[in-house]
Amino acid sequence: HVQLVESGGGLVQPVGSLRLSCAASVTILAINTMRWYRQAPGKVRELVATVTSGISTNYADAVKGRFTISSDNAKNTVYLQMNSLKPEDTGAYYCYYRVHLYGTEYWGKGTLVTVSS
């Protein structure tokens, strides 16, 4: 059973930074998709960033140039470095992992980020 555990959320002032981590309970396979989603209060969950097999990355327009996704397969962990945070970045951030070989998907339970002065 695969578990994803997010950490690193918290309260930060605007223009501050946070680094989120998502640790998997199993070895991350080489061919995979890992993503960060977020959900603001009263809004639908939205895709923030994707890293595919630790190589290619994509970002939502709202976070381009401010957020960086990366993965460390040796540690079975994916990160989201968030800089120049804005109040609209507030929400619960969720980790997602898709194993291409089996077509299986897993979600973490989320970590809360609050950007406020």
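How many residues does the range 13-58 contain that are open to solvent by less than 60 Å² (accessible area, probe 1.4 Å), closer than 17 Å to S84 by Cα and in a strand (DSSP E or B)? Total meeting the criteria: 5. Among the residues making up the range 62-111, a single one is of a type in the set (K, R) and part of a strand (DSSP E or B): R98.
Each row is one residue, and each column tells you yes or no for (1) under 16 Å from E6 (Cβ atoms); (2) in contact with a Phe, Trp or Tyr (Cβ under 6 Å, 6 or more places away or on another chain); (3) of a type outside the set (K, R).
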| site | (1), (2), (3) |
| --- | --- |
| R38 | yes, yes, no |
| L47 | yes, yes, yes |
| A74 | no, no, yes |
| K86 | no, no, no |
| Y106 | yes, yes, yes |
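Filtering the range 67-81 to residues that are within 14 Å of W36 (Cα to Cα) and not β-branched (V, I, T) leaves F67, S70, S71, Y79, L80, Q81. Of the candidates L47, L85, L112, the single residue that is under 11 Å from the mean Cα position of the chain (by Cα), within 21 Å of G10 (Cα to Cα) and in contact (Cβ under 8 Å) with a residue 12 or more places away in the chain is L47.
The values are calculated or read from the model by the stated rules, or taken from the named source; none is laboratory data. These numbers were taken from a predicted model, which means no experiment stands behind them. With ideal geometry, Cβ positions are generated from the backbone for all residues, glycine too; neighbour counts draw on all protein chains shown. Ligands, DNA and RNA are excluded from the accessible area calculation, which covers all protein heavy atoms including side chains. Shrake-Rupley method; radii C 1.70, N 1.55, O 1.52, S 1.80 Å.
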